[in-house]
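See structure below.
All of the numbers you see were taken from the coordinates with simple rules; none came from a lab. For clarity, every value in this text was computed on a predicted model and none was experimentally measured. A quick note on method: Cβ atoms are made from the backbone with ideal geometry, for glycine too, and the neighbour counts reach across all protein chains shown.
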């Protein structure tokens, strides 16, 4: 990424970039506003080092390239657009509440499918059921992952699973719409984040559905399970595209959440900054996730019929099978004995400290318990039986 590192972001033009990845007009016109804002916001971030600039620009090219692959395959195989997506299950809520573990455990249900990291990195040609464990793109992705991270992958693995066969967050679908806050995890982009909060994100869920149809075409299951916390900001648009969607929201003490996510984001962001600034990261993610949970609470208050199951993080850890079965029962689903056995096997093979234990505290990131409790007072009061 040497050439990208030397690129002056302020001189880049959205239309010139889009010309490199010819898209159908509808996609191009809807991608352009977010791409323009992302370039503008990135140009303002003068504290990004060379690796940070390269990472931002690589992400832009990667998102445009992957979206073009999806669009090209739909033109080549029009039947992809006819694939039905029924009752997708979205895991929402604050980060660091066991959402990644829950995502992986639900993927063990034979009736359920989660998108895998290699599939999102290399979506074309559409993955097939017959080669879902032997596709050469699996090895290609693992090799790329460890060569390109740029930081300490061992430290990252302590807090977040990585690997070709690991379920991936669907934020990696939505970044290709350029209406996703996921880019704000890798670098601080305040102008883009402000724009994102106000944008009508229906288009991003149209793109999201294109991805699910692409991955479902030759490797279907009864249901999808998806996960990314930023769905909280855009629940109206999500349900416009997926009116039959159902939801699970795990809950955890927000003081643990903010400390944990700040430490994880510090590890992820460090390669992009000469001085990442722990205090800045702590304040940024305190603000970002209090914004998100407020948006979710506002939506739920206005839509009390939302099909959602509230889950205690502690219950998921102490009784995963029973907790999943309780959630399924609310939606008229069942976890088979085969699925339960697979869940327990996954847990045995992936203990919480498999890659070492993490250590973190609020104070390390310039925060204290009372500050966090004050910001999340409405949340803890609303969900006091689950926190």
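A few points about this structure:
- Single unsatisfied condition, residue 186 versus (1) touching a residue at least 12 places away in the same chain (Cβ under 8 Å); (2) within 28 Å of residue 305 (Cα to Cα): (2)
- Of all residues making up the stretch 37-60, the number that are over 15 Å from residue 182 (Cα atoms), touching a residue at least 12 places away in the same chain (Cβ under 8 Å) and surrounded by fewer than 18 Cβ atoms within 10 Å (Cβ to Cβ): 6
- The requirement of being without any contact (Cβ under 8 Å) to a residue 40 or more places away in the chain and in contact with a helix residue (DSSP H, G or I) (Cβ under 7 Å, 6 or more places away or on another chain) is fulfilled nowhere in the stretch 164-176; no residue meets it.
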